[in-house]
1. Is it the case that segment 88-95 has a residue that's surrounded by fewer than 20 Cβ atoms within 10 Å (Cβ to Cβ), among the hydrophobic types (A, V, I, L, M, F, W, C) and over 30 Å from Asp2 (Cβ atoms)?
2. If we keep just the residues of segment 108-126 that are farther than 30 Å from Glu66 by Cα and not in a helix (DSSP H, G or I), which is farthest from the chain's Cα centre (by Cα)?
3. Only one of Thr140, Thr175, Thr122 is surrounded by fewer than 17 Cβ atoms within 10 Å (Cβ to Cβ), among the β-branched types (Val, Ile, Thr) and closer than 30 Å to Leu25 by Cα; which?
4. Name the one entry in Asp90, Asp113, Asp103 that is among the charged types (D, E, K, R), touching a residue at least 24 places away in the same chain (Cβ under 8 Å), closer than 28 Å to Pro18 by Cα and touching a Lys or Arg at 6+ places or on another chain (Cβ under 7 Å).
5. Limited to segment 167-176, what total is found for residues that are on the phi < 0 side of the Ramachandran plot and without any contact (Cβ under 8 Å) to a residue 12 or more places away in the chain?
6. From Ala189, Ala156, which residue is surrounded by 20 or more Cβ atoms within 10 Å (Cβ to Cβ), in a helix (DSSP H, G or I) and touching a helix residue (DSSP H, G or I) at 6+ places or on another chain (Cβ under 9 Å)?
7. Just to verify a result, which residue in segment 170-187, among those that are polar (S, T, N, Q) and farther than 11 Å from Gly206 by Cβ, is nearest to the chain's Cα centre (by Cα)?
Amino acid sequence: MDVTSIADYLGFQPLFAPLSPKERLDLATRMRPKHFARNEVVFHRDDPAGHLYLVASGTVKISVEEEGGQEVVIALVRGGDVFGELALFDEGQRSATVTALTDTIAFTLAGRDFMDVLQHNTAAMRQLLALLARRIRHSTAHIEDLVFLDLPGRVAKCLIDQNELLGSAGRVSLTQEEIASFVGATRVAVNRVLVDLERRGLVTLGRGHVEITDVDLLQKEIRH
């Protein structure tokens, strides 16, 4: 993808849309495409920060590791979304680990380069603050789910949320291990829940994915 194509792509992304064509073109000249293979770590928690990433294609997961060594997934980031945006405000350590779930192409941008532009564009700054606010609300809701929902409820909510993010097609392309990381449980425990949901006709299990067959009944599994 050449610089002009990258600049055009930025125009469709909420964070970069408020910028002028000249500003987007300037940023595009500073962005570098990077390819990450499936399961490749983009960066680890506590790594030095300094760059944000715009996902052009693919999916990455943002996760942290509990004291016992179990991974907990905080969020999935897909094409058109940004991650690592805290690097815009400081160049401290990363707060989480990011790993490619699929083959992924992302554009990297040094935080200082974007901040140079943001200082002269209040609309873009508001978009960035809105992005951070959404991240905080999502993290808060995820913590509430882990605390207040039982495991079947957490699994059901995970499937429904990811289905909605993917356009409500009914197919959630996550392995059982990935779902377990998302809901803070073991793969064995999640498998028992999924097998029970399949037995009752709510889902159909496939290799590396789950098909939602009755979203209304699945919704009823979410009980606080």
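Every number in this text was worked out from the coordinates using simple rules, so none of it is lab data. Note that the structure is predicted; figures quoted are calculated from it, not measured. Ideal geometry is used to build each Cβ from the backbone, glycine not excepted, and the neighbour counts take in all protein chains shown.
1. yes
2. Step by step, filter segment 108-126, then rank; the result is His120.
3. Matching residue, one of Thr140, Thr175, Thr122: Thr122.
4. Asp113
5. Going through segment 167-176 one residue at a time, the tally reaches 1.
6. Ala156
7. Result: Ser181.
Here's the yes/no breakdown for (1) more than 17 Å from Arg78 (Cα to Cα); (2) touching a Lys or Arg at 6+ places or on another chain (Cβ under 9 Å):
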{"position": "Val147", "(1), (2)": "yes, no"}
{"position": "Ala156", "(1), (2)": "yes, yes"}
{"position": "Leu159", "(1), (2)": "no, no"}
{"position": "Glu177", "(1), (2)": "yes, yes"}
{"position": "Ser181", "(1), (2)": "yes, yes"}
{"position": "Ala185", "(1), (2)": "yes, yes"}
{"position": "Arg192", "(1), (2)": "yes, no"}
{"position": "Gly208", "(1), (2)": "yes, no"}
